[in-house]
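Here's the structure we're looking at; comments come further down.
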Amino acid sequence: MKRVLFLCALFVASFSYAQDLPTNPEPGKCYVRCTTPDVYVNETVTITVKPAYKVLKRVPATFKTVTERVMVKAEGKKLRVIPEKWGTETVTYVSKEGGNTLSITPASFGSSSETIEIKPAYAQWELGAVAPDCASGNPDDCRYWCYKGYPAEFTTIETTTLASDASTSKTPIGSKNASYTKQVLLEAARVEEEVIPAQYKEITKTVLDQDAYTTEETVPAVTKTITKEVLKEKGGLTTWKEVECSLVEYQALPINWNLGSATLTSQARSIIDSRLMPVLAQNPGVKLEIASHTDVRGKAASNQDLSERRAKAVADYLISKGINSSLLVANGYGETKVKNRCREGVSCTEREHAVNRRTEFRLINN
């Protein structure tokens, strides 16, 4: 009798979809509405957060000192009768050759940003409020569906741009001159000649050994990889599927949660693999609700949060096993749906409280 009532209630709740009701339904059978889900894939995008640039190092010019032997007095002659006449001459030479000094202007940077869409907009069917004139004992039989849209999600990445690269400029270093004076013969003796030997002197001067230059080093660009969801295949095709009537009622998922924890143990994952995965495999496209409950001990807000995290942990594990997230609804009810007399202020045994600490599942309309 329960199966027939569920079928009728399901038809009432889906009256707005009268054109899509299952054809030739059989009495005593249960049907759920299935919608093919949107299929998303992860795509990675690499962006440059800091560009490559050059670093210049300055190597200064080098000089060396050399010694040169120069004649400071030429060879002459001395006359015994009429002496020679001498004059002086100033000779100018480069005592230090010129070069260059280098100045380096380092690279400068600017700030920028780049906005990346990490999750596109999407829409899905969601269960609405209970109809006020519901005749069924189960309020979930008289609820309607809403196709609710959600906006896209974006993230902004701060980046650095190259305003101007490093450069160099040269400043010339002037050369230095010096001079020396030498005596020269103006008039030779006209009688007896006496040779006066030339005189020499060593001078020191600084010459350019190697001019200034720069070495160049390239600093590679810095990149960052962002993962975003991309719609690969649009869903939305609707069909009706016959399911076991027991699966549209809440079924126990016998997970023993650690106290205050929402982390799945290896035993809990094994229970999900053996209990839920076959149900989803045998009913492709059907949406599954995961419901988690607590007892009334502790604060209501903490119990609500714990139940939601436990339901989400089961859903996340199913998603990691390849189940499409649009086919999963994770609900935490906290202490709002106790199954026995153990309400706030009532003294109960540990076994009675354990009845209310439960995780359940059922198939629902998509």
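Just so it is clear, none of the values below were taken in a lab; they were calculated from the coordinates. Computed from a predicted structure; not experimentally measured. No Cβ is skipped: glycine too gets one built from the backbone with ideal geometry, and neighbour counts run over all protein chains shown.
A Förster radius of 41 Å combined with the Cβ-Cβ distance from A281 to A107 puts the calculated FRET efficiency at roughly 0.10. Run the paramagnetic zone check for K176: 7 angstrom along Cα to Cβ, then residues of segment 95-129 with backbone nitrogen under 14 Å. Answer for segment 95-129: 95-99. Extension gain, A188-K148: 0.36 nm per intervening residue step, less the Cα-Cα distance, totals 2.2 nm.
Sort segment 51-210 into rounded, prolate or oblate with this rule: let a ≥ b ≥ c be the square roots of the eigenvalues of the Cα gyration tensor; rounded if a/c is under 1.5, and if a/c is not under 1.5, prolate when a/b is larger than b/c, oblate otherwise. Here segment 51-210 falls in the prolate category. Highest-first packing order for the peptide set 187-195, 324-332 is 324-332, 187-195, based on the mean count of other beta carbon atoms within 10 Å.
The Cβ shell under 14 Å around D165 holds other residues with a net charge of 0, Lys and Arg each +1, Asp and Glu each -1.
Stretching the chain fully between A121 and T215 yields a gain of 28.7 nm (0.36 nm per residue, less the alpha carbon separation).
Evaluating 6.51 cos²θ - 1.76 cosθ + 1.60 at θ = phi - 60° for every residue in segment 188-199, the Karplus couplings come out as 7, 5, 9, 10, 5, 9, 10, 6, 9, x, 5, 10 Hz, glycine and proline recorded as x. Rounded, prolate or oblate, given the Cα gyration tensor of segment 154-216, with a/c below 1.5 counting as rounded? Because a/c hits 1.5 or more and a/b exceeds b/c, segment 154-216 counts as prolate. A cut-off under 14 angstrom between Cβ atoms defines the neighbours of M277, and their net charge, with Lys, Arg +1 and Asp, Glu -1, is +2. Rg over Rh for segment 256-366 works out to 1.00, using Cα positions for both radii and the Kirkwood form for Rh.
Of the peptides 71-80, 147-156, the ranking by mean beta-carbon count within 10 Å, highest at the top, reads 71-80, 147-156. A straight chain from V49 to K201 at 0.36 nm per residue would run longer than the Cα-Cα distance by 48.0 nm.
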